[in-house]
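Input: a single structure, listed below in structure tokens.
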Amino acid sequence: MDPAEPIDLRSDTVTAPTPAMRKAMADAEVADDVLDRDPTMRELEERVAGLLGATDALWTPTGSMANLIALMSRLGRGESFLAPLGAHVLDFELGTAAWLAGGMPRPLPHDGGPGKVTPHAVRRAAVDTADHGSYAALRPALLCLENTHNSAGGTVTAPEEHASVAAAARAARLSVHLDGARLWNAAVALGVPPGALTVGADTVAVCLSKGLGAPVGSVVAGSAEFTEQARRLRKMLGGGVRQGGVMAAAGLVALEDVDRLAEDHALATTLAAGLRERGWRVREPQTNIVLLDVADLRGTIAAFREAGVRAGAIAGKLRLMTHRDVSDRHIAAALERIGEVGPASTGSPGAPPAQFGRSRDVPEQAPRTALG
Ligand SMILES: *Cc1c(COP(=O)(O)O)cnc(C)c1O
């Protein structure tokens, strides 16, 4: 490892497209997807619909747009939507669920474990606001689930848990959207096909540009009626692209390698164990996200950066993520570099006061959490 080369563990979105992806992009068969349909985009959409157990699907440039389209198709003014606290649609999409889709957010506590809600909580929240009988009450219209749950630390919801929460929502006459930006990670961690995790969902969004490593692209899946409406909504949002097959081609290559995510998960486990040995307070990772509890978040991120490891922040925690462009060599080097920082010098809970935060490299503002 070149000691001058920073190891970037901020997100699994920092990867460069592989040579196979670049070749597929160069060779992609394309057409104008706004006028007609682009054949490579269509192939990707059909492939993903099949994997998710949906009738049809639509390519979108980002996961945020995929979520927004799903929410716009179901929500209107005077309606609310439920989502587990810290959900991407609540905290990391600039409130578009409210001001573009028109739904009032109703965050639910993680009463089913980190990142998870129970059927009971969904039933209660749906009835709470709906059954007061007042014409002035918000009407709960949708439940948005997230698997894996990013800000809870890449936590996984199992098929039976997902299905029972979705069933409770449907019984309360809510639509169900699944934000599955990292559904691939959940499927690999559980050893089940992704379609086993979408039961009862009306719409599902997945990203190709997270752990799968494509440079661009997400997909939103649902019924044929939904995708027809979704195509109009995508155009409305400025997401109608022309020869998008160039990007979809990379997505098709990315999908061939879903099983590789197991390597990211194993590296996250190695990283967490090494950090714990070195005295850091670490959440046990379920997938490729490692969260650290530190007293001085900004100072610790700056100290890591000075040591040559780039870290992010989410929900008040320091976040490290493994991805396609890091190997066991990088993780070993990262642990060595972080070992030199040491939890005591960065104000980890129970440690002496922080010594960091005054370096000229330290950003003036608290680290932002707009991490994918
Ligand atoms: C990254 C992410 C998204 C979508 O992000 P984009 O950057 O817009 O592609 C949606 N949901 C979750 C949980 C995510 O982690």
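Restricted to strands (runs of 3 or more DSSP E) entirely inside the stretch 28-122, those with at least 2 residues that are within 16 Å of the ligand (Cβ to nearest atom) and under 24 Å from residue 151 (Cα atoms) are 79-84, 103-108.
When the stretch 277-301 is filtered for residues that are open to solvent by 40 Å² or more (accessible area, probe 1.4 Å) and either in contact with a His (Cβ under 6 Å, 6 or more places away or on another chain) or of a type outside the set (D, E, K, R) (or both), the ones remaining, listed by number, are 279, 286, 295.
When the stretch 186-228 is filtered for residues that are surrounded by 23 or more Cβ atoms within 10 Å (Cβ to Cβ) and of a type in the set (Gly, Ala, Ser), the ones remaining, listed by number, are 186, 187, 201, 205, 209, 211, 213, 214, 217, 218, 221, 222. Just need a number here: residues in the stretch 148-178 that are within 16 Å of the ligand (Cβ to nearest atom) and in contact with a Leu (Cβ under 9 Å, 6 or more places away or on another chain). Residues in the stretch 148-178 being within 16 Å of the ligand (Cβ to nearest atom) and in contact with a Leu (Cβ under 9 Å, 6 or more places away or on another chain): 12 in total. Consider the stretch 32-61 and keep the residues that are among the β-branched types (Val, Ile, Thr) and in contact with a Ser or Thr (Cβ under 6 Å, 6 or more places away or on another chain). The one that is least open to solvent (accessible area, probe 1.4 Å) is 60.
The values are calculated or read from the model by the stated rules, or taken from the named source; none is laboratory data. Owing to the predicted nature of the structure, the values given are computational and were not obtained by experimental measurement. Ideal geometry is used to build each Cβ from the backbone, glycine not excepted, and the neighbour counts take in all protein chains shown. Note: accessible area is taken over every heavy atom of the protein model, side chains too, but ligands, DNA and RNA are not part of it. Shrake-Rupley method; radii C 1.70, N 1.55, O 1.52, S 1.80 Å.
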